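Working notes, beginning with the structure itself.
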């Protein structure tokens, strides 16, 4: 595959996932290749190159005579996605606990404390947005710290599914910001103490809490 074609395919993939997470494309929706051209603004060739990747990632499936169906949100997806997250993050946070640089840990602790303090006063739209972004960035950063491209790619796709689930029913709500930060703080404290067992336990508790919020809506 030539570089321009590969680049267009990657742009098409990014555009598709952006549209999916922004709900311009709905879970369970049927779409045609032509509709994906219109939605993503990418040429038909790039869309055709993108589709096998989306199928491999489980974000779409081909339905005979009906076209392409977008990933649906159901109980199995929630259970499977959070189980995979627990498996990956247990290994990632254990390694991060052992090898993270002190200044990196200090930055993470400072950012959490600042958001926690602001949210305790008033959860403005800006605070909510920054809290959500920090939540995602924190977990992504720890997984990427493993420097394992295969794991990071798998985690990235799973994160799209989890963020889609959150868009459906468990996206961080204003009333959850403080409690989510309070779930993060034991993780951060355990990391700073270099306590691997406590780090893993706190991460698993945080993920289980997010999973429970998702299952409440099923």
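Looking at 84, 128, which is the one that is surrounded by fewer than 20 Cβ atoms within 10 Å (Cβ to Cβ), over 26 Å from residue 35 (Cβ atoms) and either in contact (Cβ under 8 Å) with a residue 60 or more places away in the chain or not assigned by TED's automatic domain parsing to the domain that holds residue 185 (or both)?
The conditions single out 84.
Which of (1) assigned to a helix (DSSP H, G or I); (2) without any contact (Cβ under 8 Å) to a residue 60 or more places away in the chain; (3) surrounded by 16 or more Cβ atoms within 10 Å (Cβ to Cβ) is the odd one out, the single condition residue 123 does not satisfy?
(1)
Would it be correct to say that residue 16 is in the same structural domain as residue 145 (by TED's automatic domain parsing) and crowded, with 18+ Cβ neighbours inside 10 Å? Before you say what the answer is, go through the steps one by one.
Working: in the same structural domain as residue 145 (by TED's automatic domain parsing): no; crowded, with 18+ Cβ neighbours inside 10 Å: yes.
Against the criterion (in the same structural domain as residue 145 (by TED's automatic domain parsing) and crowded, with 18+ Cβ neighbours inside 10 Å), residue 16 does not qualify.
With respect to residue 7, determine if the residue is assigned to a helix (DSSP H, G or I), out of contact with any helix residue (DSSP H, G or I) (no Cβ under 8 Å at 6 or more places or on another chain) and farther than 26 Å from residue 138 by Cα. Explain how you work it out, then say what you get.
On the way: assigned to a helix (DSSP H, G or I): yes; out of contact with any helix residue (DSSP H, G or I) (no Cβ under 8 Å at 6 or more places or on another chain): yes; farther than 26 Å from residue 138 by Cα: yes.
Criteria met by residue 7.
Being under 16 Å from residue 98 (Cβ atoms) and buried (at least 19 other Cβ atoms within 10 Å of the Cβ) is the filter here, so list the residues in region 178-208 that pass it.
187, 188, 190, 191, 199, 200, 202, 203
It is to be established whether one or more residues within region 52-74 are surrounded by 14 or more Cβ atoms within 10 Å (Cβ to Cβ), within 30 Å of residue 197 (Cα to Cα) and either within 17 Å of the chain's Cα centre (by Cα) or not assigned by TED's automatic domain parsing to the domain that holds residue 139 (or both).
Within region 52-74 (the criterion being surrounded by 14 or more Cβ atoms within 10 Å (Cβ to Cβ), within 30 Å of residue 197 (Cα to Cα) and either within 17 Å of the chain's Cα centre (by Cα) or not assigned by TED's automatic domain parsing to the domain that holds residue 139 (or both)), the answer is no, since none of the residues qualifies.
Within region 10-61, which residues are at pLDDT below 90 and in a strand (DSSP E or B)?
If the condition is that a residue be at pLDDT below 90 and in a strand (DSSP E or B), then no residue fits.
Among the residues in region 158-175, are any surrounded by fewer than 16 Cβ atoms within 10 Å (Cβ to Cβ) and at pLDDT 85 or above?
Looking for residues that are surrounded by fewer than 16 Cβ atoms within 10 Å (Cβ to Cβ) and at pLDDT 85 or above, one finds none in region 158-175, hence no.
Report, by residue number, each residue of region 62-75 that is part of a loop (DSSP other than H, G, I, E, B) and touching a helix residue (DSSP H, G or I) at 6+ places or on another chain (Cβ under 8 Å).
Correct list: 71, 73.
The values are calculated or read from the model by the stated rules, or taken from the named source; none is laboratory data. Being a predicted model, the structure only gives us computed values, none of them experimental. Cβ coordinates were reconstructed from backbone atoms using ideal geometry, including for glycine residues, and neighbour counts include every protein chain displayed.
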